[in-house]
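Below is one structure, written out as structure tokens; comments come after it.
The values are calculated or read from the model by the stated rules, or taken from the named source; none is laboratory data. Computed from a prediction, not measured in an experiment: that's the story for all the values here. Cβ: placed from backbone, ideal geometry, glycine included. Neighbour counts: every protein chain shown. Surface areas here come from the heavy atoms of the whole protein model, side chains and all, with no ligands, DNA or RNA. Shrake-Rupley method; radii C 1.70, N 1.55, O 1.52, S 1.80 Å.
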Amino acid sequence: MKIRTSVIDMIDLHAHTTASDGTDSPSALVNKALSAGISTLAITDHDSTSGWAEAVTALRPSLSLVLGAEISTLTLDGISVHMLGLLFDGEDKSMQNMLAESRDTRIPRMRKMIELLAADGINISLADVMAATPVGATLGRPHLADALVRNKVVASRDEAFLELLHNDSKYYVTHAAPTPEDAIRQINQAGGVAVIAHPFASRRGEVISAATFTNLVSAGLHGIEVNHRDHSQVEREQLAEIADQLGLVKTGSSDYHGQGKLNELGENLTDPDQWARLESLASARRVVTK
Ligand code: AMP
Ligand code: ZN
Ligand code: FE
Ligand code: FE
């Protein structure tokens, strides 16, 4: 007789580390996922794969690791869209070029945001921001937020975003980014699967319309992140319906950032059948196990 241990699959397909704006190192993230009983975890830093190697080294047998990235994109209308690329080939040159280009323009973008803040008497320097940024991390607004906290301009990352750094703020500047369609094509070309992250998270700023999904599917979109803390129940229902109509995979995930945000690992999960389908759409079986 085969004895099955009571394994409940806990699949969390979106988490950040100090390779971008998370506060846990890749190995700390893996250890926390193990303690939380997660069975499948994706590491998805902003525009970077630099956390992959350390996460792989920290793996233990009960955890499967999905290597990925969250790619910042901009529609032609200037709407910010985050695209999760999972299971793509990390050695793919054009993918790495696209990610590097986005990271590079985040430095002049940070300078511009600092200038706008300075013009209103909010004093923060690039050196302050760099001091709040882990070495090698993709530079982002959360690091600016941390520097503002250190300089006692605001009390928390959350307050910094609420008051100064949100997408509709006069201090907000975008960085160069591919369109969502370009990012999707790039993910496909590198053998991975593309899942649009928190597409209806309206409290972050303007979001894409339901009609836009058709174009994304033509470009090769595989899935929609439906269950995410920034979606209301109504938004989840709308997205589930869009996914069903378009034959897309539905995911759920925490978007864990460590101490920087309230998001807890595993707070939203992906159904095992949905994950099996998503994984089967990648060009190779690249889930890492020990
Ligand atoms: P950036 O890529 O530099 O535009 O920064 C975007 C990041 O800011 C996203 O990863 C979000 O996780 C983070 N973010 C957005 N809103 C908030 C917030 N209210 N509190 C903390 N982090 C936030
Ligand atoms: Zn982030
Ligand atoms: Fe995101
Ligand atoms: Fe994220």
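Of the peptides 199-205, 283-289, 184-190, 20-26, the ranking by mean beta-carbon count within 10 Å, highest at the top, reads 20-26, 184-190, 199-205, 283-289. To put it simply, the accessible area of region 1-120 at a 1.4 Å probe is 54 percent carbon and sulfur.
Which parts of region 39-79 would a label at Lys290 reach, counting a residue when its backbone N lies under 15 Å from a point 7 Å out along Cα-to-Cβ? Within reach of a label on Lys290, which here means backbone N under 15 Å from a point 7 Å along Cα→Cβ, region 39-79 contributes 39-41, 52-66.
Structure remark: mean-square fluctuation, Gaussian network model of the chain, C-alpha springs under 10 Å; the largest value among Thr17, Thr105, Thr138 belongs to Thr105. In a reduced charge model with +1 at each Lys and Arg Cβ and -1 at each Asp and Glu Cβ, region 232-290 shows a dipole moment near 420 debye about its Cα centre. Report, in degrees rounded to the nearest 10, the 0 to 90 angle that the Cα long axis of helix 141-150 makes with the longest principal axis of the chain. So the inclination is approximately 50 degrees.
Residues considered: Ala137, Ala155, Ala197. Largest GNM mean-square fluctuation over the chain, using C-alpha springs under 10 Å, is found at Ala155.
Set the Förster distance to 45 Å, then compute FRET efficiency between Lys152 and Val217 from the Cβ-Cβ distance, nearest 0.05. Efficiency computed from Cβ-Cβ geometry: 0.40. Lysine pairs in the chain whose alpha-carbon atoms fall under 21 angstrom of each other, counting only those eight or more residues apart or on distinct chains, come to 6. Net charge of the neighbourhood of Ser80, taken over other residues with C-beta under 10 Å away and scored Lys/Arg +1, Asp/Glu -1, is 0. Placing dummy labels 7 Å off each Cα toward the beta-carbon, the span from Glu159 to Ser35 is 2.7 nm. Seen from Arg150, the other residues with C-beta closer than 12 Å to its C-beta sum to a net charge of 0, counting Lys and Arg as +1 and Asp and Glu as -1. Accessible area per residue for region 106-165 is 50 Å², calculated with a 1.4 Å probe on protein heavy atoms, without ligands, DNA or RNA. Using R0 = 25 Å, the C-beta based FRET efficiency linking Ser283 and Asp77 works out to 0.20.
Pull out a ≥ b ≥ c, the square roots of the eigenvalues of the alpha-carbon gyration tensor of region 106-165, then state rounded if a/c is under 1.5, prolate if not and a/b is larger than b/c, and oblate in the remaining case. Judged from the Cα gyration tensor, region 106-165 comes out oblate (a/c at least 1.5, b/c at or above a/b).
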